[in-house]
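Peer 1: My questions all concern the structure below.
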Amino acid sequence: MTLEQTVLEARNLTKTFVTRSPMGRTVAETKAVDQVSLSLTAGRTYALVGESGSGKSTTGRLLQGLITPTAGEVIVSAADGSKLTQNTKRSNRDVQMIFQDPYSSLNPRRRIRSILEESLRIIGEKDPTTLRSKVDEALSAVGFSDEHAQRYPHEFSGGQRQRIGIARALVASPRIIICDEPVSALDVSIQAQILNLLRSLQADLGLAYLFITHDMSVVRYLAHRVGVMHQGKIVEEADTAELFANPQHDYTKRLLASVPIHHPSQRTTAKG
Amino acid sequence: MTKLLDVIDLRTSFDTEHGTVTAVDGVSFSVAQGEVVGIVGESGCGKSVTAESILQLLDPSSTRYSGQMNFDGEDLLTFGEEAMRRIRGNRIAMIFQDPMSALNPVFTIGDQLTEAVLAHRKIGKRSARSAAVDLLDKTGIPEPERRMRQYPHQLSGGQRQRVMIAMALSCDPELLIADEPTTALDVTTQAQILRLLIELKDEFNAGILFITHDLGVVAEICDRVVVMYLGEVVESTDVHTLFDNPAHPYTRGLMASTPDVGSDPSADLPIIPGSVPTLHNVPSGCRFADRCPFALPECRERTVELEVLSPDHTSRCIRSQELIGNSPVKDGMAR
Ligand SMILES: Nc1ncnc2c1ncn2[C@@H]1O[C@H](COP(=O)(O)OP(=O)(O)OP(=O)(O)O)[C@@H](O)[C@H]1O
Ligand SMILES: Nc1ncnc2c1ncn2[C@@H]1O[C@H](COP(=O)(O)OP(=O)(O)OP(=O)(O)O)[C@@H](O)[C@H]1O
Ligand code: SF4
Ligand SMILES: [Mg+2]
Ligand SMILES: [Mg+2]
């Protein structure tokens, strides 16, 4: 695996959502993503930050190929060096996604093992022994055992479901993972375990991450490059150290200034 | 302060294919009027099940509750479904960890929010609608008027979370249960939501049960804190004591593993080694022993009870007395 190699490129991506009235009349148009260009590099993490509603999840879904762009294109370089344009909704084994909302992304009627196996079947894996061992490997990577594999999603807590989502993305051995707030629902300890895990997987396998988050301490820990989104546009892009040292855009400055407090005596909202 | 909610020895068990599991095991705590009580603990410790038990929202066919949950002097566990329905979303409101479960996908935000307002205020439809827009606006959602006409799937994660907050606040509840209400939000929006909750508390003297894994949020808003581990309360005290003098090794571990912008980005983040055991493998003796840097052989030998360290400080650890007062930071945590 050569590092520093561009594995995904987005060019002038635009997505306009049209809301229609029940009669089919267009009532509103939202330009959720507006002329976004970015590239993902093997072995590197690109963090996408920006306030709620700025278009981060929509960008992630466009890169994954879950939704089609109104304009622009996504080009994924396959392992053999060939390039393909991601303009269909066809699933691409190279790009996996960890969803912001772990609940609605897991089929409630399937056991965890079957949910993970499905990810492998989609990409053509049929051998039962391989299925079994790959699922076991992915589960143990997120701290789960065979016992968990037998259970249904509703038997898990919020954070546990998020880890299942992570295992599901890992199991297909992708080269690119789109992570949409993968750790915001997790407590610090598991958050740290997952971040350490994502980082070591990246070092071992040369994975490229697009990492959507609102947590600047996570950005600093994981990201090589950062894009700041505002109203559908990337308004600032820089290497992580540079962005922290020298933020340009107002929103970036505000994000960096609003550090969470560590002690009740630092309260800003109310008296004790 | 009057006790608004007094939970005594709550036990919640599920019948599963693999036997009965007890997710909440003898939990006691109380919330007074005008007080914010935090529940913290790692993923899977039983925070959401505790919250959902108060409103008895879990699947009745497989869930069993025992203990007492006195709300305004009456035990909610003796209430029938009919009586509980009158309590939910009325005197007690809940903000769910999962916004999609609380929003109906086939109705617009406006329909749902107006409905919620109408259910509690004797006002006309028009004023209810404008009250709904007001509520949305308070949560900081841009273009609230337009959001009213949208469906849940057309909103971003953080926007959905704020709609749900508006929904819970629409009834001016006496008790608000907020389960990770700000996880999907950036710090600026989060601060706005926390201010909104404090307003509710100050204006209506409401009690708030605030579930979070974020100690920064705890420091920001909670008066008292209950730390849970594997279905049990392991420490409980006021927020200042918790940060200054945490007694339980688990609490200290949670504090040490909080990332901050100042830490070395090239080093691995400190973690509490191991993970929460499953409910099928609850250890005998201290439940935290396998992960505890202070564990002694006797920790595994008998059930560890909550020990009262001072009138408002309890800890479930045989070494609490020696640990309290020592600096909590980084002790014995794996890197
Ligand atoms: N299916 C849809 N139809 C209409 N509008 C949509 C749709 N999906 C998203 N939007 C709108 O597009 C904008 C961007 O949404 P997106 O989910 O990408 O935001 P985000 O940056 O991920 O925010 P958050 O941090 O809150 O998750 C929002 O204003 C949202 O309301
Ligand atoms: N319906 C159920 N059947 C069986 N086990 C369940 C059920 N619901 C929850 N559990 C188990 O109960 C435990 C506590 O879950 P709970 O949702 O309360 O955790 P939590 O503290 O809220 O965690 P998180 O921070 O991840 O949301 C978990 O181990 C979970 O797997
Ligand atoms: S009782 Fe023993 S094992 Fe349990 S928390 Fe205390 S020192 Fe650790
Ligand atoms: Mg999003
Ligand atoms: Mg929960």
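Let's see how each residue does on (1) β-branched (Val, Ile, Thr); (2) under 24 Å from B:GLU203 (Cβ atoms); (3) out of contact with any helix residue (DSSP H, G or I) (no Cβ under 7 Å at 6 or more places or on another chain):
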| position | (1), (2), (3) |
| --- | --- |
| B:VAL36 | yes, yes, no |
| B:GLU42 | no, no, no |
| B:ASN70 | no, no, yes |
| B:LEU77 | no, no, yes |
| B:ALA93 | no, yes, no |
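Peer 1: Follow-up question, since we're still on this one. Kindly list the number of the only condition in (1) modelled with pLDDT of 90 or more; (2) within 14 Å of chain B (Cβ to nearest Cβ) that fails for A:PRO69.
Peer 2: Of the numbered conditions (1) modelled with pLDDT of 90 or more; (2) within 14 Å of chain B (Cβ to nearest Cβ), the odd one out for A:PRO69 is (2).
Peer 1: Still on this structure, please answer the following. Have a look at B:VAL225, B:VAL218 and point out the one that is of a type outside the set (Phe, Trp, Tyr), part of a strand (DSSP E or B), within 12 Å of chain A (Cβ to nearest Cβ) and at negative phi.
Peer 2: B:VAL225
Peer 1: Here are some residues: B:GLU174, B:GLU180, B:GLU145. Which one is assigned by TED's automatic domain parsing to the domain that holds B:CYS222, on the phi > 0 side of the Ramachandran plot and touching a residue at least 12 places away in the same chain (Cβ under 8 Å)?
Peer 2: After ruling out the rest, the residue left standing is B:GLU180.
Peer 1: Here is a list of conditions, (1) within 14 Å of another protein chain (Cβ to nearest Cβ); (2) of a type outside the set (Val, Ile, Thr); (3) more than 16 Å from ligand 1 (Cβ to nearest atom), and A:GLU118 meets all of them except one; can you say which number that is?
Peer 2: Of everything listed in (1) within 14 Å of another protein chain (Cβ to nearest Cβ); (2) of a type outside the set (Val, Ile, Thr); (3) more than 16 Å from ligand 1 (Cβ to nearest atom), A:GLU118 misses just condition (1).
Yes/no matrix, rows are residues, columns are (1) crowded, with 18+ Cβ neighbours inside 10 Å; (2) closer than 24 Å to B:GLU220 by Cβ; (3) in contact (Cβ under 8 Å) with a residue 40 or more places away in the chain:
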residue	(1), (2), (3)
B:ASP15	no, no, yes
B:ALA32	no, yes, yes
B:GLY38	yes, yes, yes
B:GLU42	yes, yes, yes
B:CYS45	yes, yes, yes
B:SER48	yes, yes, yes
B:GLU74	no, no, no
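Peer 1: While we're here: If the Cβ limit is 8 Å and pairs must be 6+ apart or interchain, which residue in segment B:294-308 that is away from chain A (no Cβ under 14 Å) pairs with which residue that is within 16 Å of ligand 4 (Cβ to nearest atom)?
Peer 2: No pair meets every condition.
Peer 1: Sticking with this structure for a sec: Given the conditions (1) modelled with pLDDT under 95; (2) touching a helix residue (DSSP H, G or I) at 6+ places or on another chain (Cβ under 9 Å); (3) more than 14 Å from every other protein chain (Cβ to nearest Cβ), which single one is not true for B:HIS120?
Peer 2: Going through (1) modelled with pLDDT under 95; (2) touching a helix residue (DSSP H, G or I) at 6+ places or on another chain (Cβ under 9 Å); (3) more than 14 Å from every other protein chain (Cβ to nearest Cβ) one by one, B:HIS120 breaks only (2).
Peer 1: Turning to a different aspect of this structure: Please find, within segment A:164-222, the residue that is nearest to A:THR130 (Cα to Cα) out of those that are part of a helix (DSSP H, G or I) and more than 14 Å from every other protein chain (Cβ to nearest Cβ).
Peer 2: A:VAL171
Peer 1: In the list B:LEU176, B:LEU197, B:LEU209, which residue meets the criterion of being more than 20 Å from B:SER53 (Cα to Cα) and surrounded by 24 or more Cβ atoms within 10 Å (Cβ to Cβ)?
Peer 2: Checking each option against the conditions leaves just B:LEU197.
Peer 1: Could you tell me how many of the residues in segment A:223-271 are small (Gly, Ala, Ser), more than 7 Å from chain B (Cβ to nearest Cβ) and surrounded by fewer than 21 Cβ atoms within 10 Å (Cβ to Cβ)?
Peer 2: So the count comes out to 5.
Peer 1: Also: Being assigned to a loop (DSSP other than H, G, I, E, B) and more than 9 Å from every other protein chain (Cβ to nearest Cβ) is the filter; apply it to segment B:177-194 and report the residue that is nearest to ligand 1 (Cβ to nearest atom).
Peer 2: Within segment B:177-194, the match that is nearest to ligand 1 (Cβ to nearest atom) is B:THR182.
Peer 1: Follow-up question, since we're still on this one. From B:PRO152, B:PRO99, which residue is within 16 Å of ligand 4 (Cβ to nearest atom) and in contact with a Gly (Cβ under 8 Å, 6 or more places away or on another chain)?
Peer 2: B:PRO99
Peer 1: What residue, among those in segment B:136-175 that are farther than 20 Å from B:PRO105 by Cβ and at the interface with chain A (Cβ under 9 Å from one of its Cβ atoms), is farthest from ligand 3 (Cβ to nearest atom)?
Peer 2: B:PRO142
Peer 1: Same structure, new question: Looking for something in the same structural domain as B:ASN205 (by TED's automatic domain parsing), part of a strand (DSSP E or B), of a type in the set (D, E, K, R) and on the phi < 0 side of the Ramachandran plot - is there at least one such residue anywhere in segment B:34-50?
Peer 2: No, that holds for no residue.
Peer 1: Identify the single condition in (1) at pLDDT 95 or above; (2) surrounded by fewer than 22 Cβ atoms within 10 Å (Cβ to Cβ); (3) more than 14 Å from chain B (Cβ to nearest Cβ) that A:ILE75 does not satisfy, given that it satisfies every other one.
Peer 2: (1)
Peer 1: For segment A:1-51, name all the residues that are hydroxyl-bearing (Ser, Thr, Tyr) and more than 14 Å from chain B (Cβ to nearest Cβ).
Peer 2: A:THR2, A:THR6, A:THR14, A:SER37, A:SER39, A:THR41, A:TYR46, listed by residue number.
The values are calculated or read from the model by the stated rules, or taken from the named source; none is laboratory data. The structure presented is a predicted model; accordingly, all values stated were derived computationally and were not measured. Cβ coordinates were reconstructed from backbone atoms using ideal geometry, including for glycine residues, and neighbour counts include every protein chain displayed.
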